[in-house]
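Participant: Dropping the structure in here first, questions after.
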Amino acid sequence: MKHYTPAMARELPMFEPAPGGHAVHPRPDLPISIGGGGNELPATDGSLARRRHPDWIRARMPSGDNFHELKGLLRGLDLNTVCEEARCPNIGECWDQRTATIMILGDTCTRACGFCAVKTGRPTWFDDDEPRRVAEAVAQLGLEHVVVTSVARDDLPDGGSRIFAETILAMRATSPGMGIEVLIPDFDGADDRLRTVMDARPDILNHNLETVKRLQKPVRKRARWDRSLYVLARAKEMARDIGYPVHTKSSLMVGLGETRDELTAAFEALRTADVDILTVGQYLRPSLNHLPLERYYHPDEFAEMKVEALALGFKHVESAPLVRSSYHARDQVPGAKLKRLRREATLDAEGRVVPLAG
């Protein structure tokens, strides 16, 4: 099997803001970011021509009343829609279901993961007022479910955990019926940072393992396999201590050179950490500067992995080529089944809940 070279675990140049860029002081005019995942892929010979994707790598065209309404609201709130800019394959489906992913703590990450297209550098922006602004924007969007993620902020004393917690609490106050999921960095495995987030009581605590143990170093340069599993296990323990039914969740990419046995080992490790929800999707190379794509997985293989993962005890598994971490997120929160039944039901003449016809 092809091995990764040290060059793939590259050091990226540190970002230096241009004059007039983001200041360290609060910037109420800074757009809130909506996160997605790219699907650009160069040819295997390194040319600038696009590599032809298999027939099953096809996203549905964005459409539907909810999609267009949400798009209009986003424009009016001056939100930076990375979902569109990164051409996330699921933007149409997610927005039509009134589900969105918001990125807090700026747009510059302190880590340089080999798969990620987010800008890497030395962040210079921080805004204590961000939780309020996010909550107000989300309330105007009328979302059923929101995912809050962030760049890694190793430069901050608490890794950004306080802003995560305050954002959750602010959204609970303005959108009490909305499902809330947070996709967090590892916070260097610090219990106090994780507890800050868990005390705010998100519905889902998501931290991505991303890949198998052997490939952790080139794929997730500053992360650690054991540390990520520790964060997920401790999150569940803290949820039990708090007495709030938080589901834990993680995601894996395939196509980076892993074997099926290694994926099985990853599934088992996540279940040992008592993770409830698993998503598995195809890695698609953002640029020539990122890790190469070793192979495409066929949809049948994704179906097999879903069966395998469910047999291990996961409560919910999404496994398909275009699945990303937040895919079908609204259907994964505690009580989601009841909410779905309510969406699909109506009241009869006597006030009883009955399924919609058809």
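Coordinate-derived values only; no laboratory data. Treat the numbers as computed from the prediction; the structure is a model and nothing was measured. All Cβ positions, even for glycine, are placed from backbone atoms using ideal geometry, and neighbour counts span all protein chains on display.
Participant: On full extension of the chain, what length is gained from ASP274 through ARG222, given 0.36 nm per residue of separation minus the C-alpha to C-alpha distance?
Facilitator: 16.3 nm
Participant: Give me the one-decimal nm value for the distance between modelled label points at ASP188 and GLU294, 7 Å along each residue's Cα-to-Cβ direction.
Facilitator: That separation, rounded to one decimal, is 3.2 nm.
Participant: Something else: Just to check I understand the Karplus step: with θ = phi - 60° and J = 6.51 cos²θ - 1.76 cosθ + 1.60, what whole-Hz values come out for region 152-166, glycine and proline as x?
Facilitator: The phi angles translate into 6, 10, 5, 6, 8, x, 10, x, x, 5, 5, 5, 4, 5, 5 Hz.
Participant: Between ASP158 and GLU262, what is 0.36 nm times their sequence separation minus the Cα-Cα distance? Round to one decimal in nm.
Facilitator: 34.1 nm
Participant: I've got another one for you. With no solvent and one equal point scatterer placed on each C-alpha of region 135-196, evaluate the Debye formula and give log10 I(q)/I(0) for q = 0.15, 0.21 Å⁻¹, two decimals.
Facilitator: Debye curve over Cα of region 135-196, log10 I(q)/I(0) at q = 0.15, 0.21 Å⁻¹: -0.47, -0.81.
Participant: Here is a further query. Can you work out the FRET efficiency for the pair ASP128 and ALA233, with r the C-beta to C-beta distance and R0 = 30 Å, to the nearest 0.05?
Facilitator: That gives a FRET efficiency of 0.45.
Participant: Once you compute Rg and the Kirkwood Rh from C-alpha atoms, what is the Rg to Rh ratio for region 171-216?
Facilitator: Result for region 171-216 is an Rg/Rh of 1.08.
Participant: Can you figure out the FRET efficiency of THR174 with LYS315, using R₀ = 22 Å and their beta-carbon distance, to the nearest 0.05?
Facilitator: My answer for the efficiency is 0.15.
Participant: Still on this structure, please answer the following. Take region 183-285, compute every pairwise Cα distance, and split them into 5 Å bins from 0; I just need the percent in each bin.
Facilitator: 2, 13, 25, 24, 17, 10, 6, 2, 0
Participant: Out of residues 5 or more away from THR149 or on other chains, whose amide H comes under 5 Å of its own, with H placed 1.01 Å from N in the peptide plane?
Facilitator: ILE102, MET103, ILE104, LEU183
Participant: Report the Cα centroid-to-centroid distance between region 282-323 and region 142-219 in angstrom, as an integer.
Facilitator: Going from one Cα centre to the other spans 23 Å.
Participant: Let me ask something else. Amide H to amide H under 5 Å from SER319: which residues, 5+ apart in sequence or cross-chain, H placed 1.01 Å off N in plane?
Facilitator: Long-range HN contacts for SER319: VAL280.
Participant: Give the long-range amide H neighbours of THR248: residues separated by 5 or more places, or on another chain, with amide H under 5 Å away, using H modelled in the peptide plane at 1.01 Å from N.
Facilitator: It is LEU205, ASP276, ILE277, by chain and number.
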